[in-house]
């Protein structure tokens with residue numbers, strides 16, 4: 001029993017998210033949210049939705065993640081090994097009995113169903129985009145809430161249709177992780193959603209540090225613009241090697257294409273700095289207090305910009321006209337106020353959860 005949690009407050013909580021994605025961020029935010037809830041004394045588990053359609057799409061993407069560009073055919077075996085590591089890691093997590101994503105009749109009742117984190121309301125997601133389950137349709141139980149939910153690339157200017165607005169108004173409490181999602185949820189419900197941290201920062205996982213030999217910069221992402229590549233490669237002047245995790249980047253010195261979620265976390269923990277264009281590249285750099293730079297992209301603009309504004313790292317989101325700043329930023333420790341802001345946001349995030357679970 002966790003200190004400060006009375007036994008009668010122990011609740012059965014189902015977490016509804018994209019836990020089956022072969023994606024480092026999806027895995028870790030699902031795991032951290034469940035483990036964080038369990039550490040606070042609740043019986044939390046992932047709601048294990050299944051879909052053959054989604055599984056096929058995930059595996060196609062996992063084996064050819066750089067499409068429309070195609071990597072060497074030899075990479076497929078490495079990407080397959082990476083996917084198998086994800087499946088093994090997923091099997092170790094606390095999950096409900098499997099049920100059909102599109103016909104969730106087998107979903108059990110919980111004291112609380114918590115939707116999120118991840119892009120659970122992104123209507124533009126190629127295979128999860130319009131699944132009613134993530135909007136609470138088919139969910140039974142006394143309470144329904146959202147933690148750190150996001151609309152991803154779906155922009156607030158488009159608004160929501162009447163049916164989805166009605167679904168959101170059924171939620172007892174909503175929190176989001178970015179300003180675009182906050183605007184969409186506010187307009188649909190007439191309520192001001194709370195702004196919370198990604199679960200990886202709200203409930204930091206304990207990562208065993210690797211045995212670090214030569215210093216290296218971790219590259220996480222793919223399809224980087226040329227100006228970013230040229231700017232980042234200047235760190236070689238310091239004697240750093242460039243390790244690419246999870247995706248092929250031929251401009252790096254070493255490719256760790258088959259890294260599973262645990263290996264990825266350790267690669268970040270052991271790095272001297274991080275270069276990324278992914279949201280969770282920034283999150284894990286912040287988690288381990290690593291200097292980082294990020295190339296902005298249209299697909300991730302909403303969540304990247306919002307995270308940077310929340311924690312005070314706007315200068316580390318680079319555009320081509322500021323490419324020359326990359327080498328200096330990768331050498332510079334994170335600003336002291338970044339940790340202070342994260343601590344304040346963590347406290348705010350836990351207050352939201354405690355309120356929902358009260």
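The values are calculated or read from the model by the stated rules, or taken from the named source; none is laboratory data. Only a predicted model underlies this, so the values are computations on that prediction, with no experimental measurement involved. All Cβ positions, even for glycine, are placed from backbone atoms using ideal geometry, and neighbour counts span all protein chains on display.
Free of Cβ contacts under 8 Å to residues at least 60 places away in the same chain and either under 30 Å from residue 12 (Cβ atoms) or buried (at least 22 other Cβ atoms within 10 Å of the Cβ) (or both), is that true of residue 344? Against the criterion (free of Cβ contacts under 8 Å to residues at least 60 places away in the same chain and either under 30 Å from residue 12 (Cβ atoms) or buried (at least 22 other Cβ atoms within 10 Å of the Cβ) (or both)), residue 344 does not qualify. Among helices (runs of 4 or more DSSP H) entirely within segment 131-231, having at least 1 residues that are in the same structural domain as residue 100 (by TED's automatic domain parsing) and surrounded by fewer than 19 Cβ atoms within 10 Å (Cβ to Cβ) singles out 162-169, 179-189. Restricting attention to segment 140-158, the residues being under 21 Å from residue 99 (Cβ atoms) and out of contact with any helix residue (DSSP H, G or I) (no Cβ under 7 Å at 6 or more places or on another chain) number 6.
Results for (1) within 28 Å of residue 201 (Cβ to Cβ); (2) touching a residue at least 40 places away in the same chain (Cβ under 8 Å); (3) in the same structural domain as residue 120 (by TED's automatic domain parsing); (4) in contact with a strand residue (DSSP E or B) (Cβ under 9 Å, 6 or more places away or on another chain), shown as yes or no for each residue.
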residue: 22; (1), (2), (3), (4): yes, yes, yes, no
residue: 43; (1), (2), (3), (4): yes, no, yes, yes
residue: 51; (1), (2), (3), (4): no, yes, yes, yes
residue: 61; (1), (2), (3), (4): yes, no, yes, no
residue: 78; (1), (2), (3), (4): no, yes, yes, yes
residue: 83; (1), (2), (3), (4): yes, yes, yes, no
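Listed conditions (1) touching a residue at least 60 places away in the same chain (Cβ under 8 Å); (2) assigned to a helix (DSSP H, G or I) are all met by residue 14, apart from (2).
Candidates 225, 204, 199, 215: the one that is out of contact with any strand residue (DSSP E or B) (no Cβ under 9 Å at 6 or more places or on another chain) and in contact (Cβ under 8 Å) with a residue 40 or more places away in the chain is 204.
Of all residues in segment 77-87, one or more are under 30 Å from residue 111 (Cβ atoms), modelled with pLDDT of 95 or more and exposed (fewer than 13 other Cβ atoms within 10 Å of the Cβ). Counting only residues that are in a loop (DSSP other than H, G, I, E, B) and either within 26 Å of residue 176 (Cα to Cα) or under 23 Å from the mean Cα position of the chain (by Cα) (or both), segment 64-102 holds 11 of them.
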